[in-house]
Amino acid sequence: MLAHENPYSTPPAYSEEVRPLTYDRVALVGEVVVMWEKLRFVYIAIVGTYSLIVFSVTLYLGLTTLIMFLRIALVGGIFSNFCFCAGPLIDGYLTWFGFRSRGVTIFLFVSGLLLTMLLATATIFPLGSLLPAQM
């Protein structure tokens, strides 16, 4: 009998280069996810408060109605939570590859928060200005 090498086995040169999955890397990414879930409450509180202030101003100026605001808030709330997920995703990948930094987390959170607030303002004001004058 001839001894044949398995043609489906991993070549030795590649198997040594792959870094093993360690508990430390998984634990670090888990910490990032938990931290971002805590930040989600802060994010929702700030965006919710800001949206209510913008709504109050547009309602006072006669640019929107309650029904229109609720429609915008429903879609905007779902969209902003989807966008929020980009923060932990990017931060998790950076942590996984060894680039863990508190500064990156703060930058991602603040820039995402400001972008969301800008989009909320840009959505509520122009849509409110399309209302007929008698409403």
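Placing a label point 7 Å from the Cα of Val110 along the Cα-to-Cβ direction, the residues of region 72-103 with a backbone N closer than 13 Å are 102-103.
Per the Kirkwood definition applied to all pairs of different Cα atoms, how many angstroms is the hydrodynamic radius of region 23-128? Don't skip to the end; give the middle numbers.
On the way: mean 1/r = 0.0668 Å⁻¹.
So the Kirkwood estimate lands at 15.0 Å.
Between Val75 and Met35, the FRET efficiency estimated from the beta carbon spacing at R0 = 35 angstrom works out to 0.80. Quick check: residue separation of Arg102 and Cys83 times 0.36 nm, minus the Cα distance between them. What number comes out in nm? Full extension of this stretch gives 4.8 nm more.
The numbers here are math on the coordinates, done by the rules we state, and not lab data. It should be emphasised that the depicted structure is a prediction, and the values quoted were computed from it without experimental measurement. Cβ: placed from backbone, ideal geometry, glycine included. Neighbour counts: every protein chain shown.
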